[in-house]
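The values are calculated or read from the model by the stated rules, or taken from the named source; none is laboratory data. Keep in mind that this is a model prediction, so the values were computed, not measured. Here the Cβ is made from the backbone with ideal geometry for all residues, glycine too, and neighbour counts use every protein chain on show. Surface accessibility is based on the protein's heavy atoms, side chains included, excluding ligands, DNA and RNA. Shrake-Rupley method; radii C 1.70, N 1.55, O 1.52, S 1.80 Å.
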Amino acid sequence: MFMKDTKSDSLIKLVDPAPLFDPVKSSVQGRQQEGQEEQPPMEFDKSQLVFPSGESLPRCWTDPDYML
């Protein structure tokens, strides 16, 4: 699954998308898609990720108190 990092404006390939859907987790591991060689995995803050189209993440993925 690909996301876009708003800080660097680059695409991020998520190592495991499951933490993205978990509102308790604040970061996900991914690889920046820059250059020709695969980059090492890094932690990315979910608050700085959007979909490649520019749409923000659903609130239920980021707010643990949503719908309480």
Exercise for the section: Could you pull out the chymotrypsin sites (Phe, Trp or Tyr not before Pro) across the range 30-68 that fall in loop regions by DSSP (anything but H, G, I, E, B) with no more than 12 other Cβ atoms inside 10 Å? Expected result: Tyr66
Fill in the blank from the handout: the chain accessible area per residue, 1.4 Å probe, protein heavy atoms, integer Å², reads 69
Exercise for the section: Add +1 for every Lys or Arg and -1 for every Asp or Glu among the other residues with Cβ under 13 Å from the Cβ of Asp16, and state the total. Expected result: +1
Problem - Hits among aspartates and glutamates - C-alpha to C-alpha of Lys7 under 20 Å, sequence gap 8 or more where chains match - result: Glu34, Glu38, Glu43, Asp45, Glu55
Exercise for the section: For the chain, divide the Cα radius of gyration by the Kirkwood radius and give the resulting Rg/Rh value with two decimals. Expected result: 0.99
Exercise for the section: Please identify the longest segment of the chain free of exposed trypsin sites (Lys or Arg not before Pro), where exposed means a DSSP state other than H, G, I, E or B and no more than 14 other Cβ atoms within 10 Å. Expected result: 26-68
Exercise for the section: Keeping the other protein chains in place, figure out the carbon and sulfur percent of the accessible area of the chain, with a 1.4 Å probe. Expected result: 49
Handout entry: Within the chain, helix-based [θ] at 222 nm, where runs of 4 or more DSSP H residues each add -39,500 (n - 2.57), nearest 500
Key = -1500 deg cm²/dmol
